[in-house]
Amino acid sequence: MRRLFLGFIFWATAGMAFAAEVTDFTLDNGMQVVVIEDHRAPVVVHMVWYKAGAADEPPGKSGIAHYLEHLLFKGTDTLAPGEFSSTVAMNGGTDNAFTSWDYTGYHQRVAADRLELMMRMESDRMRNLRLSDRDILTERDVIIEERNQRTENDPGALFGEQRRAAQYLNHPYGIPIIGWKHEANALTLDDALAFYRKYYAPNNAILIVAGDVEPGEVLTLANKYYGVLEPTPGLGERMRPSEPPQLSERRLIFEDPRASEPYVIRTYLAPERDPGAQEEAAALTLLSDLLGGNTATSVLGKKLVFGSEEAIYASAFYQGLSHDDSNFGVFIVPKPDVSLEDAETALDRALAEFLEEGIDAEQFARIKQQIKASRIYAEDSTSSLARRYGAALTSGLTVEDVQAWPDILQAVTEEDVLAAAARLFDRKRAVTGWMKRPEEVTQ
């Protein structure tokens, strides 16, 4: 058992100090367990994260990870369909689930004395799910309707799917989490069960328990309920297709009469946070905040919104928490009298000027302080703490990496950021997209 100390978090408003202690151990069947102690309230967050998401699906079976997330709320040998959530609610708690490219997670927030009940039910559906053809058909209709609402009826979401598919030529990150509609429509009971039996196993799962608990108590319960489950033999490390060398820029024009505002967006293939080597991702995190944080103070906001006044809005984004290469994006929403071509030119000009002019030292220091403050405020949420560890560990990082991240961010220099930006802004590894209404197409 390893006990890792997060350190003191000082609350300026209340004058109080909060220290969360993290305990990390592994059961004999390979299941990792992380306990985050927070004794300020008699509640607990219980989360099971599977190292299986949309990027782990078999070819031609897109949407199966998200589909299975829904199906897990069907019955087991001991639980009737819907009984899991109704039991949580009857005990005064809440529950839900989520799917990403790298993981699928299930969580409950209950009174601390209900932890054992959550473990009993969650461990039951880890290996004892019972599905019928009727479950498959009804839930598949739910998934298709969800796709219709969230994607088919949203031009921005459709545009995002097309851009992401162009970004990743070979890696499954280019496949939407909810699945391509024609493939999701064809998913079968055998597809769901095959994915479930392979990946929903203790040696492919991480248990996060955060709240008013003691590590010894959690270990005893984890061994009792999860420790008796059989692992999937020969599971091994994730084996995903890798990206080939990207030698040319890709460009898209997406037209939809429902588009509210035209805009230009460019995303670059970018490195993610790697275990033991998070420095490049930290520099890109600071770069994202510098370019696209607060509109009034960010580089793109000052240059394009308040400077040249060519944009209504301009910003940048980066998500470094990813198992494989992520992406870094910049975008501009031009004023009505500015064409998309001119908007893209203005965006490129602003980026070039940033690399030439360098970083304002006061702004850099202010952003670092804001990052530190936001992490302190996030510590006030037990669920936020649990999610931080779960998302990181299922993305390939370690507990030590999670705890080192704040210091790595603070150690980034202006030179580090500019060097990372120079490496990043390679148009051969970028996708540039224009969103516009059909009537704006130049003939």
Quiz prompt | Bridge type composition, the chain - antiparallel percent by DSSP, nearest 5 | solution = 85
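Given the C-alpha atoms of region 30-71, compute the convex hull and give its volume per residue in Å³.
Hull volume over Cα atoms, normalised by residue count, gives 115 Å³.
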Quiz item: Label-point separation (nm) for LEU247 and ALA80, each offset 7 Å from Cα along Cα-to-Cβ?
Solution: 6.3
Quiz item: Cα centroids of region 327-352 and region 387-439: how far apart, whole angstrom?
Solution: 21
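Could you work out the relative contact order of the chain? I mean the mean sequence separation of Cα pairs under 8 Å and 6+ apart, divided by the number of residues, in percent. Display every interim value, and only then the final one.
Values: 823 pairs, mean separation 89.4, N = 443.
Computed value for the chain: 20 percent relative contact order.
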Quiz item: What is the set of long-range amide H partners of TYR313 at a cut-off below 5 Å, with H atoms built 1.01 Å from backbone N?
Solution: VAL333
Exercise. With +1 on each Lys and Arg Cβ and -1 on each Asp and Glu Cβ, and nothing else charged, work out how big the dipole of the chain is about its Cα centre, in Debye to the nearest 20.
Key: 560
Self-check item: Phi to ³J(HN,Hα) by Karplus 6.51 cos²θ - 1.76 cosθ + 1.60 over region 172-184, Hz, x for Gly, Pro
Solution: x, 4, x, 9, x, 4, 6, x, 5, 4, 5, 7, 4
Quiz item: In whole angstrom, how far apart do the alpha carbon centroids of region 262-325 and region 41-113 sit?
Solution: 32
Self-check item: Largest-first ordering by accessible area, 1.4 Å probe, given options SER248, SER123
Solution: SER248, SER123
Practice problem: Mind listing the long-range amide H neighbours of LEU252? Cut-off is under 5 Å, sequence gap 5 or more, other chains count too, H placed in the peptide plane at 1.01 Å from N. | Solution: THR432, GLY433, TRP434
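How many Å² of accessible area per residue for region 266-392, probe 1.4 Å? Present the calculation step by step, with values, prior to reporting the outcome.
On the way: 5250 Å² over 127 residues.
So region 266-392 comes to 41 Å² accessible per residue, rounded to a whole number.
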Quiz prompt | Projected label distance in nm at PHE98 and THR26, using a 7 Å step from Cα toward the beta-carbon | solution = 2.7
Practice problem: Compute the long axis of helix 155-167 from its Cα atoms, compare it with the longest principal axis of the Cα atoms of the chain, and write down the angle in degrees, 0 to 90, nearest 10. | Solution: 90
Quiz item: Once the Cα atoms of helix 340-357 and of the chain are each reduced to a long axis, what angle between those two axes, in degrees from 0 to 90 to the nearest 10, is obtained?
Solution: 90
Self-check item: Label zone at SER384 (point 7 Å along Cα-to-Cβ), backbone N below 20 Å, region 212-230
Solution: 212-213
Quiz prompt | In sequence order, calculated HN-Hα J values of region 399-406 (Karplus, 6.51, -1.76, 1.60; Hz; x Gly/Pro) | solution = 4, 4, 4, 4, 6, 7, 3, x
Exercise. Return the distance in nm (one decimal) between the two label points of a simple spin-label model at ILE376 and LEU235, each offset 7 Å from Cα along Cα→Cβ.
Key: 3.9
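So if we plug the beta-carbon distance of LYS368 and ILE312 into 1/(1 + (r/R0)^6) with R0 = 22 Å, what FRET efficiency do we get, rounded to 0.05? All intermediate terms of the calculation are to be shown ahead of the outcome.
On the way: r = 29 Å, r/R0 = 1.30.
Between LYS368 and ILE312 the formula returns 0.15.
Return the carbon/sulfur percentage of the accessible area of the chain, one whole number, probe 1.4 Å, all protein chains in place. Please list the in-between numbers first.
Working: 10110 of 19480 Å².
C and S fraction of accessible area: 52 percent.
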Practice problem: With a 10 Å radius around each residue's Cβ, average the other Cβ atoms per peptide and rank 419-430, 145-156, highest first. | Solution: 419-430, 145-156
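Which order do PHE306, PHE331 take when ranked by solvent-accessible area (1.4 Å probe, heavy atoms of all protein chains), largest first? Provide the component values of the computation, followed by the final result.
On the way: PHE306 125, PHE331 45 Å².
Of PHE306, PHE331, the descending order of accessible area is PHE306, PHE331.
Just to confirm, what accessible area per residue do you get for region 70-196 at 1.4 Å probe, in whole Å²?
Working: 5430 Å² over 127 residues.
Accessible area per residue: 43 Å².
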Quiz item: Ordered by residue, what ³J(HN,Hα) values in Hz, to whole numbers, does region 273-284 give under the Karplus form 6.51 cos²θ - 1.76 cosθ + 1.60, where θ = phi - 60° and Gly and Pro are x?
Solution: 6, 9, x, x, 8, 9, 5, 5, 5, 5, 5, 5
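For ALA361 and GLU255, what is the calculated FRET efficiency with R₀ set at 51 Å and r taken between the beta-carbons, to the nearest 0.05? Working shown, then result.
Working: r = 44 Å, r/R0 = 0.86.
The formula returns an efficiency of 0.70 here.
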Quiz item: Length gain on complete extension for the stretch MET90 to TRP180, per 0.36 nm per residue less the alpha carbon to alpha carbon distance?
Solution: 28.7 nm
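The values are calculated or read from the model by the stated rules, or taken from the named source; none is laboratory data. Model, not experiment: these values are computed from the prediction. In this analysis, Cβ positions are derived from the backbone assuming ideal geometry, glycine residues included, and neighbour counts consider all displayed protein chains. The area values use the complete protein model at the heavy-atom level, side chains included, leaving out ligands, DNA and RNA. Shrake-Rupley method; radii C 1.70, N 1.55, O 1.52, S 1.80 Å.
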